[in-house]
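Trainee: Just dropping this structure here.
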Amino acid sequence: MQIIIVGCGKVGSTIAEQLSAEGHDITIVDTDEAVVKALAARLDIMGVTGNGATHTILEEAGIEDSDLLIAVTESDELNLLCCMVGKKAGAEHTIARVRNPEYSQDIGFMKKELGLAMTINPEYAASTEMARLLRFPSAIEIDTFGRGRVELLEYKILDGNILVGKSLVDVGRNIKSDVLICAVEREDEVIIPNGSFVLQSGDIVSIVASTENAKDFFKKVGCSSSGVRDTMIVGGGTIAYYLAKQLLPLGIKVKIIERCEELSAMLPNAVIIHGDAADKDVLLEEGIEKCSSFVSLTGIDEENAFLSLYAKSVSNAKIVTKINRIAFDDIIEKFDLGSMIYPKHITAEYIVRYVRGLQNSVGSNNVEALYRIIHGKVEALEFYIKEDSGMTGATLEALPIREGVLVAGIIRDGKVMIPNGKSTLQRNDSVIIITRITGMQNLEDILK
């Protein structure tokens, strides 16, 4: 596909990198010539320097022949203008980044009137993922399928856990919970396990289950399945606002430490502390030792990392750390900063999922959801079967499924099923696939 990306910041560059890796023809547009040249050279893509809201620059970028325009500059208004001009100039589909809370009530109107295919809000998406983690603190990461009916949870097995030394067959026989351990990260290795695979301490396992069965599983392995009672948030930006708005109606007490008086008016039910969270005396005075969750959301990755490490050293809180820029993932993870949230990666997943669905819109099944798990080494996808094909009706054990691919779940008539070899796929099923093979666009891609 011919795709134009306006804005080469954190989000724009991540989207360009992932879509380019999937074989699309990418043209980037930004007013910073040095940034455009550096990114274009690194990814071997086209680059145009200029204002992406002008017809002249979009024409130079090839707007008349483009399939998709993605506007992700720092300005919501500029993004909307880019999409409006791009749509008039010939772009088939347009996506705008809109993150200001003031526009949240008008998104539906904007999409309709401006002909937007989609709007994205990295801050809101990140806050939603954080809220999900605080409702289920035993998990490191949680993704959802089937409109929330199925969850994919990452969980670290620690010393003393009853899963240590057990094969997956033993787990199924002894735990008796309808869940599927679909992937395991062991040191630098990623494994799609079979029934004889034996779990070890330190393994990070990915589990597919319905919400109810996930809670039952964690209860049986001795982990809490109830949400946090309160949270301390450091940093008062847009993510903090969105997160507080999601947590307060759940009865979770919210305390935000930030030098920002406006938050008091915007969040009257939250406690706003006007102070410097870099001062540990402030944190201690506000009860960091007793809080049940701690979320670091400052604009500086290094500060977030150190704050999370300090919170971990003085409390038993569930830790959530926002990371924007730091690229040394392997080093960061050795610090054990709890659940790490990368807003730019969440946004890129939304875009890649949309693009794959757009490519396959005339096919028999579409990509409904897409997540990159275990540091991007594994993809978890949800496909919807729109019509009968050679795959429907046959048992899974009869299908020539590729190595490194696992059918992890089937949603049929609103019910969640963990499949086995005798399970079949039917029309109108949603199918969850876990795979080390990237770039799948169609359910048939799982076959040899």
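Trainee: Counting only Cα atoms, I'd like the Rg/Rh figure for the stretch 188-249, Kirkwood definition for Rh.
Mentor: Rounded to two decimals, Rg over Rh is 1.11.
Trainee: Would you work out the Kirkwood radius for the stretch 374-435? I mean one over the mean of 1/r across all pairs of different Cα atoms, in Å.
Mentor: About 12.1 Å, per the Kirkwood formula over Cα pairs.
Trainee: Probe radius 1.4 Å, ligands and nucleic acids left out: which of PHE383, PHE335 has the largest accessible area, and how do the rest follow?
Mentor: The most accessible residue leads, giving PHE335, PHE383.
Trainee: Tell me, what is the FRET efficiency for LYS220 and PHE335 to the nearest 0.05, using R0 = 35 angstrom and their Cβ-Cβ distance as r?
Mentor: 0.70
Trainee: What are the radius of gyration and Dmax of the stretch 227-320, computed over its Cα atoms and given in Å?
Mentor: 11.9, 33
Trainee: Per residue, how much accessible area does the stretch 93-149 have with a 1.4 Å probe, in Å²?
Mentor: 43
Trainee: Could you give the length gained on full extension between ASP445 and ALA41, defined as 0.36 nm per residue of separation minus the Cα-Cα distance, in nm?
Mentor: Stretched out fully, the ASP445 to ALA41 stretch lengthens by 142.3 nm.
Trainee: With a 1.4 Å probe and all protein chains in place, put ILE331, ILE257, ILE140 in order of accessible area, largest first.
Mentor: Largest accessible area first, the list is ILE331, ILE140, ILE257.
Trainee: Tally up the carbon and sulfur contribution to the accessible surface of the chain as a whole percent, 1.4 Å probe, everything protein left in place.
Mentor: Of the solvent-accessible surface of the chain, carbon and sulfur hold 48 percent.
Trainee: Further question: Hey, which of these cross-link pairs are over 30 Å Cα-Cα: LYS322/LYS377; LYS156/LYS344; LYS220/LYS245?
Mentor: Long pairs (Cα-Cα over 30 Å): LYS220/LYS245.
Trainee: Still on this structure: Roll a 1.4 Å probe over the protein chains and send me the accessible area per residue for the stretch 195-354 in Å².
Mentor: 46
Trainee: Past the 31 Å Cα-Cα mark, which pairs from LYS215/LYS422; LYS176/LYS290; LYS215/LYS253; LYS166/LYS280?
Mentor: Among LYS215/LYS422; LYS176/LYS290; LYS215/LYS253; LYS166/LYS280, the Cα-Cα distance tops 31 Å for LYS176/LYS290; LYS166/LYS280.
Trainee: Pick out which of GLY409, GLY146, GLY90 has the largest mean-square fluctuation in a Gaussian network model of the chain, springs linking Cα atoms closer than 10 Å.
Mentor: GLY90
Trainee: Okay, next question. What is the distance, in nm, between label points placed 7 Å from the Cα along the Cα-to-Cβ direction at GLU189 and at GLU33?
Mentor: Going from the GLU189 label point to the GLU33 one covers 5.2 nm.
Trainee: Let me make sure I get this right: for the stretch 129-173, a, b and c are the square roots of the gyration tensor eigenvalues over alpha carbons, sorted descending. Under 1.5 in a/c it's rounded, otherwise prolate if a/b > b/c, else oblate. Which is it? Could the numbers behind the result be given before it?
Mentor: On the way: a/c = 3.77, a/b = 1.65, b/c = 2.29.
Oblate, because a/c is 1.5 or more while a/b does not exceed b/c.
The values are calculated or read from the model by the stated rules, or taken from the named source; none is laboratory data. Here the structure is a predicted model, which means the values were calculated and not measured. Because the Cβ atoms are built from the backbone with ideal geometry, glycine has one as well, and the counts that use them run over all protein chains shown. Each accessible area value is taken on the protein alone, full model and side chains, heavy atoms only, with ligands, DNA and RNA left out. Shrake-Rupley method; radii C 1.70, N 1.55, O 1.52, S 1.80 Å.
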